[in-house]
Amino acid sequence: MEERLTISKIKEGTVIDHINSGKALLVLKILGIDKNSKETVSMAMNVESKKMGKKDIVKVEGKFINEDQLNRIALIAPSATINIIKNYEIKRKFKVKIPKKVEGILKCPNKNCITNTEREPVKTSFSIYKVDNEIFAKCLYCGKKLSELEDHLE
Ligand SMILES: [Zn+2]
């Protein structure tokens, strides 16, 4: 009940729930939503959650975000759940899945990597893998391995 009060209903759009608390802004960054976006976005931070203690919620009105893009959220909030809302009802609900590969979202910290050349930079590409519940990325160009992925968002 409490959770329903926190997220007021929207007519159409995408609600991202069960985001680790404090990560809502990073979720928006991953989705490429900023002050120039036309969508109405609302956020709730530090919402009480039975499952997680505290969580964040992000609500994007009037936009259905594609699943590949939504799965990128798993890089920083692996337990996030997605609710697709149509006509005030949840039409689909799913948990984000860690993508096998991401392009153009993480930055390679290796200065000599081809993705960091000033003249003709190549779009970054990383394979994603999990070890003991921690998520890592590996640059497909130079092999550099990253942990703490939120520190490496482009
Ligand atoms: Zn690299």
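The values are calculated or read from the model by the stated rules, or taken from the named source; none is laboratory data. From a predicted model like this one, the values you see are computed outputs, not experimental measurements. Here the Cβ positions follow ideal geometry from the backbone for every residue, glycine too, while neighbour counts run over all protein chains shown. Areas reflect the complete protein model, heavy atoms only, side chains present, ligands, DNA and RNA absent. Shrake-Rupley method; radii C 1.70, N 1.55, O 1.52, S 1.80 Å.
Tabulated data for the structure shown
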| read-out | value |
| --- | --- |
| Yes/no for D56 being without any contact (Cβ under 8 Å) to a residue 12 or more places away in the chain and touching a helix residue (DSSP H, G or I) at 6+ places or on another chain (Cβ under 8 Å) | no |
| Residue match in the range 63-78 (condition: more than 27 Å from F136 (Cβ to Cβ) and at pLDDT below 95) | yes |
| Scope the range 130-146; condition more than 15 Å from the ligand (Cβ to nearest atom) and either open to solvent by 40 Å² or more (accessible area, probe 1.4 Å) or within 13 Å of C108 (Cα to Cα) (or both); matching residues | K130, V131, D132, N133, E134 |
| Residue match in the range 114-122 (condition: open to solvent by 70 Å² or more (accessible area, probe 1.4 Å), under 25 Å from K23 (Cα atoms) and more than 11 Å from the ligand (Cβ to nearest atom)) | no |
| Check on K54, assigned by TED's automatic domain parsing to the domain that holds D34, surrounded by 12 or more Cβ atoms within 10 Å (Cβ to Cβ) and not acidic (D, E) | yes |
| Search result, residues across the range 22-41 that are crowded, with 16+ Cβ neighbours inside 10 Å and assigned to a loop (DSSP other than H, G, I, E, B) | K23, L31, I33 |
| From I85, I90, residue being closer than 29 Å to S42 by Cα, surrounded by 14 or more Cβ atoms within 10 Å (Cβ to Cβ) and among the β-branched types (V, I, T) | I85 |
| Number of the condition not met by K63 [criteria: (1) open to solvent by 40 Å² or more (accessible area, probe 1.4 Å); (2) out of contact with any Gly (no Cβ under 7 Å at 6 or more places or on another chain)] | (2) |
